[in-house]
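Handing you a structure now.
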Amino acid sequence: MKKIFSFHAAVWLYILFMHFGQTTFSFMGLNVFLAWLPIVFAQLFIHFKGLRRWFFAPLWLLFFPNIPYLMTDLFHLASLKIYQPGGHFLMDTNGWWSYLFLLLPIILMVFIGMAQVFKLFSTVRLRIAQRVGCFVGVSILSSLAVYIGRFDRIHSIELVFHPLNVLELLAGNWSTEKLQFVLMFSLLQLGIWGLIYYLRQEANEE
């Protein structure tokens, strides 16, 4: 219980700090908040029993893409001036602090949020083939959501207010570039889940 409370407290300290105390990458406060929501919904799904838990399943699926979406924020590192042409780095303290404030929450939120999926699926007691299918399905759906989030600038909340428009963007407007992005981002997520699975197996053997 203390670990859960510490995690949520740390997330909210970061959100408030980035929103009120930072100018560089201040948008990360909102992005981390959106990635924090599916973690909460998954915890509630795991905590409740019976039919009540299924209220949180669609909420988790709706907001889950915000977790892998954080990985696209890594490209904002290019805006920092700590790297110079020719392979040289500057000892710009502000720049390196900004580097930390961007990179650390991405690593933690992505790893925690994606590792949580294993516990979520085990709660439902799916068979191995069903779990694999769910991982593939979630990776494809979230990759589609990341695509329209990045290139069509659609947020998760738009599905509540303009569901038909969002569904049209998810299902339509296909191109070679969109197909490649969805494939690449799905492989990226499956690779991370593969790494987490490997680490879990290593921990169990010890």
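The values are calculated or read from the model by the stated rules, or taken from the named source; none is laboratory data. Because the structure is a prediction, the values reported are computed rather than measured. So basically every Cβ, Gly included, is an ideal-geometry build from the backbone, and we count neighbours across all protein chains shown.
Please count how many residues of the range 31-51 are buried (at least 16 other Cβ atoms within 10 Å of the Cβ), hydrophobic (A, V, I, L, M, F, W, C) and more than 15 Å from Gln116 (Cβ to Cβ).
Qualifying residue count, the range 31-51: 3.
Mind listing whichever residues of the range 44-56 are assigned to a helix (DSSP H, G or I), without any contact (Cβ under 8 Å) to a residue 40 or more places away in the chain and not basic (Lys, Arg)?
Across the range 44-56, the qualifying residues are Leu44, His47, Gly50, Leu51, Trp54, Phe55, Phe56.
Can you name every residue in the range 168-183 that is surrounded by 11 or more Cβ atoms within 10 Å (Cβ to Cβ) and either at pLDDT 70 or above or more than 10 Å from Leu144 (Cβ to Cβ) (or both)?
Residues satisfying the conditions are Glu168, Asn173, Lys178, Leu179, Phe181, Val182, Leu183.
Residues of the range 92-144 being free of Cβ contacts under 8 Å to residues at least 24 places away in the same chain and of a type in the set (Ser, Thr, Tyr), which ones?
From the range 92-144, those free of Cβ contacts under 8 Å to residues at least 24 places away in the same chain are 92-93, 95-97, 99-100, 104, 107-108, 121-122, 124-134, 137; that's our starting set.
Those that are free of Cβ contacts under 8 Å to residues at least 24 places away in the same chain and of a type in the set (Ser, Thr, Tyr): Thr93, Tyr99, Ser122.
OK, next. So for the range 87-101 (the condition being surrounded by 14 or more Cβ atoms within 10 Å (Cβ to Cβ) and under 17 Å from the mean Cα position of the chain (by Cα)), does at least one residue qualify?
Yes, because at least one residue in the range 87-101 is surrounded by 14 or more Cβ atoms within 10 Å (Cβ to Cβ) and under 17 Å from the mean Cα position of the chain (by Cα).
Turning to a different aspect of this structure: Would you mind stating whether Phe17 is out of contact with any Ser or Thr (no Cβ under 6 Å at 6 or more places or on another chain), within 30 Å of Ile140 (Cα to Cα) and surrounded by 11 or more Cβ atoms within 10 Å (Cβ to Cβ)? Let's see the steps before the verdict.
Details: out of contact with any Ser or Thr (no Cβ under 6 Å at 6 or more places or on another chain): yes; within 30 Å of Ile140 (Cα to Cα): no; surrounded by 11 or more Cβ atoms within 10 Å (Cβ to Cβ): yes.
When the stated conditions are applied, Phe17 does not pass them.
Residue under question is Gly149, and the condition is that it be more than 22 Å from the chain's Cα centre (by Cα) and in a helix (DSSP H, G or I); does it hold?
On the way: more than 22 Å from the chain's Cα centre (by Cα): no; in a helix (DSSP H, G or I): yes.
It is false that Gly149 is more than 22 Å from the chain's Cα centre (by Cα) and in a helix (DSSP H, G or I).
Against the conditions (1) within 21 Å of Phe33 (Cβ to Cβ); (2) modelled with pLDDT under 90, where does Asn165 fall short? Just the number, please.
(1)
What is the residue count in the range 69-105 for residues that are of a type in the set (Lys, Arg) and modelled with pLDDT of 95 or more? Write out each step before concluding.
Going through the range 69-105, the residues of a type in the set (Lys, Arg) turn out to be 81.
Next, only the ones that are modelled with pLDDT of 95 or more stay: none.
Within the range 69-105, residues that are of a type in the set (Lys, Arg) and modelled with pLDDT of 95 or more number 0.
Let me ask you something else. Taking the criterion of being closer than 27 Å to Met18 by Cα and modelled with pLDDT of 80 or more, would at least one residue in the range 123-143 satisfy it?
So the first thing to find is which residues in the range 123-143 are closer than 27 Å to Met18 by Cα, and the list is 142-143.
From the residues that got through so far, the ones that are modelled with pLDDT of 80 or more too are 142-143.
Yes, because at least one residue in the range 123-143 is closer than 27 Å to Met18 by Cα and modelled with pLDDT of 80 or more.
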